[in-house]
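The values are calculated or read from the model by the stated rules, or taken from the named source; none is laboratory data. Everything numeric here is computed off the predicted structure, so don't read it as measured data. Cβ sites come from the backbone with ideal geometry, for glycine too, and all protein chains shown count toward neighbours. Quick note on the areas: whole protein, heavy atoms, side chains included, nothing else; ligands and nucleic acids left out. Shrake-Rupley method; radii C 1.70, N 1.55, O 1.52, S 1.80 Å.
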Amino acid sequence: MKPLKVLHVLALWLALLPGLALPWPAQASQDRPAHVHFFELSFGDLPEEMQLARAQGKLGLFVMYAAEDCPPCIRMKATILSRPEVQEHFRRHFRVLHIDFNGDSEVVALDGRAMRSKEFAREVARVRGTPTFSVIGLDGKELLRHFGPTRNATEFMWLADYVVAGEHRQRPYEAYRQQRLAAGRR
């Protein structure tokens, strides 16, 4: 093949390539980065965050304890927390925060003590692994704690639904989850 003809074929192939891949990027473009659209911009001052939650009519704080090198955390941020319906659902009801399980940034605990985020996660919140999700009510009491990833966005949204519906007053989260799973199989 002549060099000019090769360039024409290559140009045609490159022109058609975006059209061939259109459905996949179109789906991916609907997702929004979790660090911008799921988590609130925060300086780690939990009493201030709780004040904002009250002022905004939220139920409390939803906290994700995660580590930079945690594969399930990375996967959840990319595939679940990046979805607009998840972002909107959680931000409607909670101030959504991220605390680095291994980090050195300052966190001010609800009792006013300042410490590094890794110390807060381990000593105050008593987190033992990542990802761990916690809902802290406006009274400062933990309403939910869930360790580990969820299978999909629907199950992740059940964490919020459990608190929003007041189910945390009636039964443990796992019983609520099992009922939701059973209802989906019918």
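Only helices (runs of 4 or more DSSP H) whose full extent lies in region 1-117 are considered here, and the ones with at least 1 residues that are at pLDDT 95 or above are 46-55, 71-79, 84-93.
Looking only at residues of region 79-115 that are among the aliphatic types (A, V, I, L, M) and open to solvent by 50 Å² or more (accessible area, probe 1.4 Å), we find that the one that is nearest to Glu142 (Cα to Cα) is Leu110. Considering (1) β-branched (Val, Ile, Thr); (2) out of contact with any Asp or Glu (no Cβ under 7 Å at 6 or more places or on another chain); (3) part of a strand (DSSP E or B), the lone condition that Thr130 does not fulfil carries the number (3).
Restricting Ala160, Ala121 to residues that are touching a helix residue (DSSP H, G or I) at 6+ places or on another chain (Cβ under 9 Å) and either part of a helix (DSSP H, G or I) or at pLDDT 95 or above (or both) narrows the list to Ala160. The criterion of being of a type in the set (Asp, Glu) and in contact with a Ser or Thr (Cβ under 6 Å, 6 or more places away or on another chain) does not hold for Asp69. All of (1) of a type outside the set (A, V, I, L, M, F, W, C); (2) touching a residue at least 40 places away in the same chain (Cβ under 8 Å); (3) closer than 24 Å to Arg32 by Cβ hold for Arg151 with one exception: (2).
For region 116-133, a residue qualifies if it is open to solvent by 10 Å² or more (accessible area, probe 1.4 Å), farther than 14 Å from Leu46 by Cβ and in contact (Cβ under 8 Å) with a residue 60 or more places away in the chain, and exactly one does: Thr130.
In the condition set (1) closer than 24 Å to Arg128 by Cα; (2) without any contact (Cβ under 8 Å) to a residue 12 or more places away in the chain; (3) open to solvent by less than 60 Å² (accessible area, probe 1.4 Å); (4) not charged (D, E, K, R), Ala183 is compliant with all but (1). Apart from one condition, Val163 fits all of (1) under 20 Å from the mean Cα position of the chain (by Cα); (2) open to solvent by 40 Å² or more (accessible area, probe 1.4 Å); (3) within 21 Å of Gln56 (Cα to Cα); the exception is (2).
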